[in-house]
Each structure stands twice: as structure tokens, then as C-alpha cells.
């Protein structure tokens, strides 16, 4: 699994390298900041999910699939840069490195986030070997997942509002579904759409992605409690210090682990129609909950 | 002209009203902030340009043209919200009203900007009566104009870097072309693309938009010097106080006015192939330089 993951990541890194303007491109400051955060050692899980979903639907190579998968890293990285800003989560470290605004200043960090979001849509709009209808369908999926209504920004706003508020299971689920699961769902849906999935295939893959995303976020909450700063590369137990609404805070560690396993079960159940072809996507979803970072 | 402009603006306001989630949509905080800035009394010049360019190319009504024109207001408003932030231009007032972050806080303002940018691409991707190829072409144009390479973000970065630096005519032109003229060019190009312009028509309209945008920005620089806070609705002569690179600072007021007129001449010259059909677009470009706010 590790070797396989490394191979997929190498494909993604290569594609990202080609898609983002070079550091010397005018004005250099913004391209340096974009690249700093984009190449700060992310796990590329969303992109790998995208590549796998495409392969599940189509045994032939899917045109432009690497570029499509990269747009998920761009949107994910933009969201991290903005979330880390002093006005939001005020994080100085991310993956063990100083955050974008600590290195380049707040103004450039805000604009670098904006630029990565913009670039994601530019890449989708200009995919060279993909029909206009599919390019528009991909942008539809990504924009909804990143948006305010049941999307990433909506989840982030609810998350900020929930700090110091009383804990509420419904709100917690809304936050995790919108802030994290929506982009995971989009990750596999982008792959499936590019591979011209049938509506039934797309629905199954969408359900898989949403549940895998929920599992990922619950595990993230658990790791935030468990990990030392050295391991996770961000300030320890920040969620707890900021009184964020998390699964461990609401349900305790043991029940949270069970819930993560439950989401993975749901995710794998959704892939049943694909039978043994879905083996690798199932394995990837197990990796999500077994990871230590 | 005024009545005509008011009619066009009413079409745009109606369409914007329908495209942006209601204030009650969950989570309400973000939708309130988006709407506050979007409906803060903008002149809708970019949208009107878009409508006019479409009409210049096609005598038949162009499907979805109001929605297309609204994406320009979304991108423009997002850029204003982020530019006004304390880390960037640190403006407390815009069009005589407190800026987004003064009313809703910095976190919500950052996310409201993100959300408007995302919504613009969602609207283009989901236009109900426009082909996939055209939807993708529109998103290509808008994303490039909003991006880092000769686009709005690139111009903004160069503008921030230029503060307190020595004045340089080439840099000044780069900033204005990227920060302002690129989105004006996109405004008319979106209309032309939606109306299925020929490559020759698109090139002419693009040249018009770029030059009209340059004129608009030079006049903006001049108004910043001339206007009192009451008239312009933002802090007086802020550009001067912040030692921004502007046309009046580099060339003086009189030469700046001549340069604005020169850009308008170029813009109108570009429309020559359309002969008398371009009368209204020409008139609009004159309005840009004669305006007092």
C-alpha cells in the first residue's frame, strides 16, 4: 500500500508542478507563497481518491485525470491557508512548518489562498482533452463542495460560530459533513464524472466519498487529542484549547473511534455494486482511519 | 443615459438577488456578509459592459446573460472585501458604508470573499441555457482575469509591493492593467463569448475592454485625489497617504486626464468595425471618464 501510495503521489506532484506558475513568474511573491503551501508535504489523499474513483469507473486511462485531481489539492490548500490566518484559527504551524502567513505575511497569504482557488477553476475550465460538458460538470461539483450551502465555507463558518458554544450533535455533524466530507465526496465524484460514470455509479461513489470523509474528520479530531506536536506538526490539542466542537469532546475517545469505524463501514457498503474492483478504494478508506498522522 | 443605466442595473440587481442564497440560508452569517457587500450600492459598470457587449454581437437575446454578468459583480465584490482587510489596504469605509470586516469581523469577511469567488464559478458552471463549451470558455476568461498571471491578484500583489517603493511607469501600467483592466476586459469578453462572437469580434471587444478599464482606473486615481470623503465614500486621498503608485503621483493631474482620454480613444477605435452599432458602448466608455464618483 505504501509503495502504491507513493507512486500515485508522484504522479500528482508532477502534475501540480506543471500546473502552478513557477516561482519566478511575475509577481514572484504570490507564486512563492502558493508553492510553499501547496508543496508543504500534504498527503494528497483527496487526489489519490480522485484517481482511484476514475479507475474504478473506467478501465481505460481517463484524459486529464491528474490535472483534475490536482484541483482538489489547490482547493484544500487554499482552505488551510485561510483557516490558519490570525483572524480564523490563528495557527503558526502546519505539518511542522510555519504557516503561509508566518512566512509571507497576512496580505500575501490571503491572496495566495484566493489564487489557488481561482487556479483550480482555471485548470478545470481549460482541461485540454475533456469535453466542455464534462469540464462544466466538474466545476459544478467542485464549486458546490467548496461553497456556503452544505459546502466547505459553510462548514468553516459554523465551526467558527460553534467555538465556546454549547455542544450539539446535529451541529457537529453539519460542520464535519460540510467542512470536510463535502470535499472528499467531490474528490471521488470528480474522478467518476471525468470517467463518465453512470448516475448509479456516481451515486454510489458519492456516498462512499461522503462517509470516508466523515471518518477522516473524526479520526482527525481523535489525532488532535492524541498526538504530540512533533507527530502531527501542529500545535497540540488546539481544538481542545479553543473549545472547538469535536467528536471526542462530545462522545469521548472510545465512542468516537467506533463512529469512525461505522462511517468506514457505510463507505465500504456503498461500493458493494463494484464488487472486487473496489478493493483498492476500500483499502484506501481503511488507511484513512488507521493513519497516525 | 441615466435612465438607460438604471434599467440595466435593475436587470442586474434582480438577477443577483436570485443567484445569491438568502440571508436565512444556513449558515446565515456568511450569506448576510455576502449580501451586505454585494448590495452596498455598486455601480454595476462591469455587468452593464457585459450586457452591452452581448447585445453588440447578437441582436437576439443571449441566454443566461444576466446571470453571466452577475459573476463579474461577485468577483469584483470579493476583491473589494479582501482588499479592504486590515492586512491589505485597511479601509474602514467603502461607498460611504463600513466595510465588510468592520461589520461582520475579519474571519467572516475573508470567508465571504472566498464564497463570492466560489459562487461566481458555480454560477458559470451551472448556467441552464448555455452549452458546456461556452460555460467552460466563460470560466476560462473569468479565471484568467482574476488570477495571478496578468490578472487581478497579480496586480494586487504588485500594488502592495509598490507601496513606498520608487515610482516606475512600467510597474504602474502593469498594476493597472492587471488589477483593473483585466476584469473590465473579461466583462465585455464574457458578453461576447456568450453571444458567440467570431474571433475577430472577440479581439476587438477585448481591446475595447482593456483600454476602457485602463481609463477607468486612471480616473479612479484622479478622483481619489480630488474627492472629499463625503463624495467618494472612502477615506480621502488614501492612495496618497499610503504612498500608492498612481497616475497623478507619477504624471500629475493634467497629464493623467489626458492619458485617460487617450485610453478612451483607443477603446473607441477598437470598436470601429461595429460602426454605429457600438454607439452605446462608446457612450458608456465616455461615462467612465466623465463620472464624478
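A few remarks follow.
- Where helices (runs of 4 or more DSSP H) fall entirely within the range B:89-204, those with at least 2 residues that are at the interface with chain A (Cβ under 10 Å from one of its Cβ atoms) are at B:106-125, B:132-146, B:152-162, B:169-176.
- Of B:73, B:13, B:66, B:17, all but one fail to be closer than 30 Å to residue B:159 by Cα and away from every other protein chain (no Cβ under 14 Å); the exception is B:73.
- Conditions (1) away from chain B (no Cβ under 14 Å); (2) more than 24 Å from residue B:150 (Cβ to Cβ); (3) touching a helix residue (DSSP H, G or I) at 6+ places or on another chain (Cβ under 7 Å); (4) surrounded by fewer than 23 Cβ atoms within 10 Å (Cβ to Cβ): number failed by residue A:41: (3)
- Among the residues listed as A:95, A:46, A:135, the single one being surrounded by 24 or more Cβ atoms within 10 Å (Cβ to Cβ) and in contact (Cβ under 8 Å) with a residue 40 or more places away in the chain: A:46
- Condition met for residue B:262 (surrounded by fewer than 17 Cβ atoms within 10 Å (Cβ to Cβ) and closer than 15 Å to residue B:214 by Cβ): yes
Values in this text are rule-based calculations from the coordinates and carry no lab data. All of these numbers come straight from a predicted model, not from anything done at the bench. A quick note on method: Cβ atoms are made from the backbone with ideal geometry, for glycine too, and the neighbour counts reach across all protein chains shown.
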